[in-house]
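Step one of this worksheet: look at the structure below.
The values are calculated or read from the model by the stated rules, or taken from the named source; none is laboratory data. What you are looking at is a predicted structure, and each value in this text was computed from that prediction instead of being measured. Here the Cβ positions follow ideal geometry from the backbone for every residue, glycine too, while neighbour counts run over all protein chains shown.
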Amino acid sequence: MLIKPSRCHQMSIKELCENDDMCTALFVDSVLGFITHKMDIKHKQLSQSEKLDVINLLCLFVHNSDLVTTLKSFSSLNIVQNFLHSKTELEKENFKGHLLRFLLMFYPHSGFTITQCFRYSGENRMGGKLSLHKILETRKYNRKPNWSNWRFE
């Protein structure tokens with residue numbers, strides 16, 4: 001079964017920031033081992049046991065690439081349940097799409113790795129960045145590519 005994130009969403013700026021903060025806390029902070037910048041200054045960080053749960057789920061996902069099971073497992077985490085408790089059905093769907101986009105970064109052939117970044121002095125030179133891996137390109141190189149032909153599958 002092929003799962004793809006929706007290409008369009010109906011999130012407000014506030015909703016996007018909340019979803020991004022939660023996904024960043026789940027995926028980026030857990031992997032890097034420190035708290036990265038959040039839009040909401042009152043954002044509740046994950047407990048150590050929640051971080052370990054996330055790391056275990058990500059390790060299982062990298063090993064078995066089972067998107068459906070992993071998404072269900074993430075959705076059943078207490079911190080995610082609490083986050084979604086007061087959300088509407090549309091907001092829950094938007095969050096699941098955002099969660100999927102973050103999870104796909106850990107797909108074995110995604111071409112991305114999350115690593116530490118030491119660039120921003122305002123964050124005490126601690127942050128995260130996505131690093132692109134060299135991927136064998138089978139298409140002819142074009143200096144001005146037509147991005148509309150690229151599809152995420």
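Listed by first and then second residue, the pairs with beta-carbon distance under 8 Å, at least 6 apart or on different chains, first residue in region 103-124 and farther than 16 Å from residue 34 by Cα, second part of a loop (DSSP other than H, G, I, E, B) and modelled with pLDDT of 75 or more, are 104/110; 107/65; 108/65; 112/105. Do we find a residue being among the basic types (Lys, Arg) and either touching a Phe, Trp or Tyr at 6+ places or on another chain (Cβ under 9 Å) or modelled with pLDDT under 90 (or both) anywhere in region 62-73? No; the residues of region 62-73 include none that is among the basic types (Lys, Arg) and either touching a Phe, Trp or Tyr at 6+ places or on another chain (Cβ under 9 Å) or modelled with pLDDT under 90 (or both).
Residues are listed down the side, and each one gets a yes or a no for (1) more than 20 Å from residue 108 (Cα to Cα); (2) without any contact (Cβ under 8 Å) to a residue 60 or more places away in the chain; (3) of a type in the set (Gly, Ala, Ser):
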| position | (1), (2), (3) |
| --- | --- |
| 12 | yes, yes, yes |
| 17 | yes, yes, no |
| 27 | no, no, no |
| 30 | no, yes, yes |
| 40 | yes, yes, no |
| 50 | yes, yes, no |
| 76 | yes, yes, yes |
| 84 | yes, yes, no |
| 95 | yes, no, no |
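For region 44-69, name all the residues that are of a type outside the set (A, V, I, L, M), under 26 Å from residue 14 (Cα atoms) and surrounded by 15 or more Cβ atoms within 10 Å (Cβ to Cβ).
Of all residues in region 44-69, those of a type outside the set (A, V, I, L, M) come to 44-45, 47-51, 53, 56, 59, 61, 63-66, 69.
Those left that are additionally under 26 Å from residue 14 (Cα atoms): 44-45, 47, 50-51.
Across region 44-69, the qualifying residues are 50, 51.
Could you say whether any residue in region 76-97 is out of contact with any helix residue (DSSP H, G or I) (no Cβ under 7 Å at 6 or more places or on another chain), at pLDDT below 90 and of a type outside the set (Lys, Arg)? No; the residues of region 76-97 include none that is out of contact with any helix residue (DSSP H, G or I) (no Cβ under 7 Å at 6 or more places or on another chain), at pLDDT below 90 and of a type outside the set (Lys, Arg).
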